[in-house]
1. Please give, to one decimal in nm, the separation of the simple spin-label points placed at Arg59 and Ala173, each 7 Å out from Cα toward the Cβ.
2. In whole angstrom, and with the biggest value first, how far do the Cα coordinates of the chain range along each principal axis?
3. What distance in nm lies between label points placed 7 Å from Cα along the C-beta direction at Thr120 and Val149?
4. Between the range 155-178 and the range 36-68, what is the separation of their alpha carbon centroids in Å?
5. Just grab the label-to-label distance for Ser191 and Ser102, each label 7 Å out from Cα along the Cβ direction, in nm (one decimal).
6. Taking 20 °C and 1.002 mPa s as the conditions, I'd like the Stokes-Einstein D for the range 183-263 in µm²/s, using the Kirkwood hydrodynamic radius from alpha carbon pairs.
7. Most fluctuating residue of Ala86, Ala78, Ala253 in a GNM of the chain with Cα springs under 10 Å: which is it?
8. Hey, how much of the P(r) for the range 86-177 falls beyond 15 Å, as a percent of Cα pairs?
Amino acid sequence: MRTRTGFGLAAVASCLALATAVTVGRGGGGGAGPPLAPPKGPYAALGDSYTAGPRIPGRHGRPAGCERSDHNYPALVAARLGLRAAEFRDVSCSGAVMDDLSGPQSTDDGVNPAQLSAVTRATRLVTLGIGGNDIGFGELITTCVKTGVAYRLEQRIVGGAADGAPCRDRYAADGTDEVDGRIRTAGARLSGVLDDVRRRAPAARVYVVGYPAILPAAGTDCAALGLAPGDVNYLRAKERRFNAVLRERAQAAGVGYVDTYTPSTGRGACADPGVRWIEPLVPAAPAAPV
């Protein structure tokens, strides 16, 4: 019996949201209108680690360095739609950025071909979860954790403001927020990617899949990630803004947007083990941190 992980439950939520999206609305945009019959494939799944599902049992596909799980949301969606193996291509890869959609991606164990190579005129469904690495999500988490740990230590020794945000102060110096600039750039690049997808697969329904809620919906308590209190607010606001940009760009391109943030609110990396869908820095379930 395969262990079901917290991130695996997040994949189930993503699957349900996506399965609803592909059967409701009009055309690729997912707007109001008469229900559409579920697509029967071929289905191409593109994206980064939040699509691939690293370290969730069991790993499948090549290259092994992409760390795709056979319980990620593309696999669950394909099963729910009753697609045959030949009708489903999951080319998502941990660490992917938008450049890896049009060019090969080197991993620690093999090279993943350009993800867009899986999208052809025959394709009838495309999901795309990308952009987190383009805005430096991993770097943000690492930097904010380091500054948060130092801040908490300083608080214990010398005291000071209880709501400090050293990471925000680092990225938003001189009145200019570096992360906001990255988000704008990623949004503009996503528009170009979506234009390319539509050219390659003009008959496909296309969906941009947003990112789940990593931090609490309110408050500043996040001991599991070691963040300074003010930085919990800062990073929460940045993720919400990023998801809003993904939605805006999807709508502008006439494709659908799948909201995974709302159903995962309160189940992020700072929640209790029995509640969370995303693991903290030290996972208690077999899934990659955060």
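The values are calculated or read from the model by the stated rules, or taken from the named source; none is laboratory data. All values derive from a computational prediction rather than experimental measurement. Ideal geometry is used to build each Cβ from the backbone, glycine not excepted, and the neighbour counts take in all protein chains shown. Just so you know, the surface numbers come from the protein's heavy atoms only, side chains and all, with ligands and any DNA or RNA stripped out. Shrake-Rupley method; radii C 1.70, N 1.55, O 1.52, S 1.80 Å.
1. With each label placed 7 Å out from Cα toward Cβ, I get 3.9 nm.
2. Principal extents (largest minus smallest coordinate, Cα): 64, 46, 39 Å.
3. 4.9
4. 38
5. 1.5
6. Estimated via Stokes-Einstein, D reaches 153 µm²/s.
7. Ala86
8. Percentage above 15 Å: 71.
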